[in-house]
1. Suppose we filter segment 216-232 for residues that are surrounded by 15 or more Cβ atoms within 10 Å (Cβ to Cβ) and in a loop (DSSP other than H, G, I, E, B); how many remain?
2. Can you report the number of residues in segment 289-307 which are touching a residue at least 24 places away in the same chain (Cβ under 8 Å) and surrounded by fewer than 21 Cβ atoms within 10 Å (Cβ to Cβ)?
3. Got at least one residue in segment 82-93 being among the polar types (S, T, N, Q), outside any strand (DSSP E or B), within 17 Å of L60 (Cβ to Cβ) and more than 28 Å from the chain's Cα centre (by Cα)?
4. Can you report the number of residues in segment 69-89 which are within 18 Å of S22 (Cα to Cα) and either in contact with a Phe, Trp or Tyr (Cβ under 8 Å, 6 or more places away or on another chain) or modelled with pLDDT under 90 (or both)?
5. Within segment 115-128, is there a residue that is in contact with a Phe, Trp or Tyr (Cβ under 6 Å, 6 or more places away or on another chain) and of a type outside the set (A, V, I, L, M, F, W, C)?
6. Only one residue in V346, V355 is buried (at least 20 other Cβ atoms within 10 Å of the Cβ) and within 28 Å of the chain's Cα centre (by Cα), so which one is that?
7. Which of the residues spanning segment 264-283 are assigned to a helix (DSSP H, G or I), at pLDDT 85 or above and of a type outside the set (D, E)?
8. Looking only at segment 106-121, count how many residues are touching a helix residue (DSSP H, G or I) at 6+ places or on another chain (Cβ under 7 Å) and not small (G, A, S).
Amino acid sequence: MRMKASNCNNPFILLVDDSFESLTLFAEAFIGSYEVRCVSSGKEALDEVFSSNLPDLILLDISMPEMDGYEVCMKLKQSTVTKDVPIVFLTASSSFEDVKRGFELGAVDYIQKPVNPQILLARVANHLESKAHTDFLRSRTNELETALSKSQQEIQAAQNIAIRSLASLAETRDIETGSHILRTQLYVKYIALQLQEHPRFSSILSDKYIDTLYRSAPLHDIGKVGIPDHILFKPGRLTPDEFEIMKKHPILGRDAIENAEKSLGLNAEFLSVAKEIAYGHHEKWDGSGYPQQLSKDEIPVSARLMALADVYDALTSKRVYKQPMPHEQAVEIILKGRGTHFDPDVVDAFYSIQVLFMKTALRYLDSDHDLDSILARKNLHSPAKNC
């Protein structure tokens, strides 16, 4: 059974009661103030709610055959579509347990029959006003969350552009390492993901931190912009004095990032991680690295991961002073550095996923001439050039 008094500018109330007299009384009380739809069973109520516009409020009788008001309320509150629609129970019962159960199921009010129309109108008006405020606040919250998300995306995009621009500046100083930045980014991410559940690293390597690590990694060699060309591009072995100058690039990198922070007024996590990497990726596990001679866990995790990633890439890539080394030989050298040059657990993680390193090296070659060099091993032959 349906009765309808329609005014599209007014709130929409759904009346649910198996008594024709009650529906008539309630509908007459609301005519002129609200849009009213009437149904006489729980099943009809659910069909109405899920097949048409959501009501602003539901007046729901408890004692109905087949499906009582409690069951209807429970189904409505379980749905993400209807869970926020306020429900007011109507019943002849004055039992405390009945009232308590109604509120526990999510009803906002409980009106006892017989109903005084004036009291009913006043209480419905209060609930509709409350819902209007709640809807407004929810809408504003969604708008603010959307705006915040957009702002965060724009900030992250700007950060990524800044990182890539700075890293590219360093990259232009070394013409033979065109894909070095991208490869080392991926290598660091692979190891971090492999170590994410490791007891020594799980508290640090959250998804957020790994994302920050990935975005910060391109700045690891930013300090090379301060190294003179005759040293950076020297095809032969560096003299001790030249090597001392080369060893300054981690300090130059740290200082460059710190200066950027100060000039921009930023205190961002990605810059802090970038500084750790730039300053610490030449430290060694046994304390024989530079510039601070840190050892073991004194070396930041970010720098320990980059240390291995950077060495693998240097070994398997062409440089002005060397030809690329086969993957298998690079792995052997890294394994020999376990516990001296590198954190043992980082080496173990690398070894378990070394195939990802080789595939990445092959995918992002600096030149086609490197392909056979990386694959040079007894049982592995070079595939077609377009693999």
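The values are calculated or read from the model by the stated rules, or taken from the named source; none is laboratory data. Computed from a prediction, not measured in an experiment: that's the story for all the values here. Cβ sites come from the backbone with ideal geometry, for glycine too, and all protein chains shown count toward neighbours.
1. Total satisfying the criteria: 3.
2. Here the count works out to 4.
3. Yes, because at least one residue in segment 82-93 is among the polar types (S, T, N, Q), outside any strand (DSSP E or B), within 17 Å of L60 (Cβ to Cβ) and more than 28 Å from the chain's Cα centre (by Cα).
4. Total meeting the criteria: 3.
5. No; the residues of segment 115-128 include none that is in contact with a Phe, Trp or Tyr (Cβ under 6 Å, 6 or more places away or on another chain) and of a type outside the set (A, V, I, L, M, F, W, C).
6. V346
7. If the condition is that a residue be assigned to a helix (DSSP H, G or I), at pLDDT 85 or above and of a type outside the set (D, E), then S272, V273, A274, K275, I277, A278, Y279, G280 are the ones that fit.
8. 7
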